[in-house]
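The values are calculated or read from the model by the stated rules, or taken from the named source; none is laboratory data. The structure displayed is predicted, hence computed values, not measured ones. Cβ: placed from backbone, ideal geometry, glycine included. Neighbour counts: every protein chain shown.
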Amino acid sequence: MQIAPSTFYEHLGRQPSRREVRDEDLKPKIARIHAANYGVYGARKVWLTLNREGVEVARCTVERLMAELGLRGAVRGKVKRTTIADPAATRPADLVNRGFGPRAPDRLWVADLTYVSTWSGFAYVGFVTDAYARRILGWRVAATMATSMVLDAIEQAIWTRHQQGVMDLKDVVHHTDRGSQYTSIRFTERLAEAGIQPSVGAVGSSYDNALAETINGLYKTELIKPRKPWRTIEDVELATARWVDWFNHHRLYEYCG
């Protein structure tokens, strides 16, 4: 196809438009925010982060530039249930009844387990999360789903609050599904020692521990799936520590009721 010389030289001499200059300034900022947050932020959270940094830009502009850069947010899939109920265990009552909107910290802690496939076997991961602050207080990665694993996670949660000056935990309700680890005598006795009230939802209903399963889903979507295959349980543990730190201190979290 022939191009007229006048058209060619006009193109060479054309100055970029203000929009083009602005786009080229924004693109590395958008790419940086997306990469710094595990590549999980969609346009809305990238836009919010830019505004927090003092960069005024329209959300539609962020959407357009992310599309040009081939960037998108993570999409969560369905989380598989990991815990198995012990039909012979004594089960505490459900004190939450799907009410995951406490009005203050240290009123409701939720906990659940998930697993990660590695080349050396399964890694089992447990989290304890404050439902008000949406903060992971305790976590543990282990090679088995033994009661000691969830005990370690609750011990870390208790230690975290003690370090922050919260010594009295009598108002805390610790809510889980009916997994045998959470209904074991050792675990319920430890909760009683700490003054924490146990609460257990129904087996097979994700709604009865929805917030804890949300945390598991975010963990799988944001950390585990994009970086698989995982070689060792130790690799999972190190990456989980980094993700929890990011989740607690940097992640923009959309509240669910």
Assess whether residue 205 counts as being over 16 Å from residue 137 (Cβ atoms), among the hydroxyl-bearing types (Ser, Thr, Tyr), surrounded by 14 or more Cβ atoms within 10 Å (Cβ to Cβ) and at pLDDT below 90. no
Subset of the range 18-74 (residues that are on the phi > 0 side of the Ramachandran plot and touching a helix residue (DSSP H, G or I) at 6+ places or on another chain (Cβ under 9 Å)): 38, 39
In the range 36-50, which residues are under 9 Å from residue 71 (Cβ atoms) and of a type in the set (A, V, I, L, M, F, W, C)? 43, 46
Do you know which of the residues in the range 132-180 that are at pLDDT 95 or above and of a type in the set (Phe, Trp, Tyr) is farthest from residue 199 (Cα to Cα)? 159
Scanning the range 222-231 residue by residue, those modelled with pLDDT of 95 or more and closer than 28 Å to residue 108 by Cβ turn out to be 223, 224
Per the filter on the range 72-99, residues farther than 30 Å from residue 33 by Cα and either at pLDDT 60 or above or not in a loop (DSSP other than H, G, I, E, B) (or both) are 85, 90, 91, 92, 93, 94, 95, 96, 97, 98, 99
Assess whether residue 103 counts as being within 24 Å of residue 223 (Cα to Cα), surrounded by fewer than 15 Cβ atoms within 10 Å (Cβ to Cβ) and at pLDDT 75 or above. no
Strands (runs of 3 or more DSSP E) within the range 110-185 that include 2 or more residues more than 17 Å from the chain's Cα centre (by Cα): 121-130, 173-176
Say we look at the range 47-78 and pick out the residues that are among the charged types (D, E, K, R) and surrounded by 13 or more Cβ atoms within 10 Å (Cβ to Cβ); which of these is nearest to residue 24 (Cα to Cα)? 64
Among the residues that make up the range 138-151, is at least one of them touching a residue at least 60 places away in the same chain (Cβ under 8 Å), small (Gly, Ala, Ser), surrounded by 22 or more Cβ atoms within 10 Å (Cβ to Cβ) and touching a strand residue (DSSP E or B) at 6+ places or on another chain (Cβ under 9 Å)? no
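To keep it simple, each residue is scored yes or no on (1) assigned by TED's automatic domain parsing to the domain that holds residue 129; (2) under 20 Å from residue 142 (Cα atoms); (3) modelled with pLDDT of 90 or more.
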{"position": "189", "(1), (2), (3)": "yes, no, yes"}
{"position": "211", "(1), (2), (3)": "yes, no, no"}
{"position": "220", "(1), (2), (3)": "yes, yes, yes"}
{"position": "233", "(1), (2), (3)": "yes, yes, yes"}
{"position": "236", "(1), (2), (3)": "yes, yes, yes"}
{"position": "243", "(1), (2), (3)": "yes, yes, yes"}
Would you mind finding the one in 233, 154 that is under 15 Å from residue 126 (Cα atoms), in contact with a helix residue (DSSP H, G or I) (Cβ under 7 Å, 6 or more places away or on another chain) and in contact (Cβ under 8 Å) with a residue 40 or more places away in the chain? 154
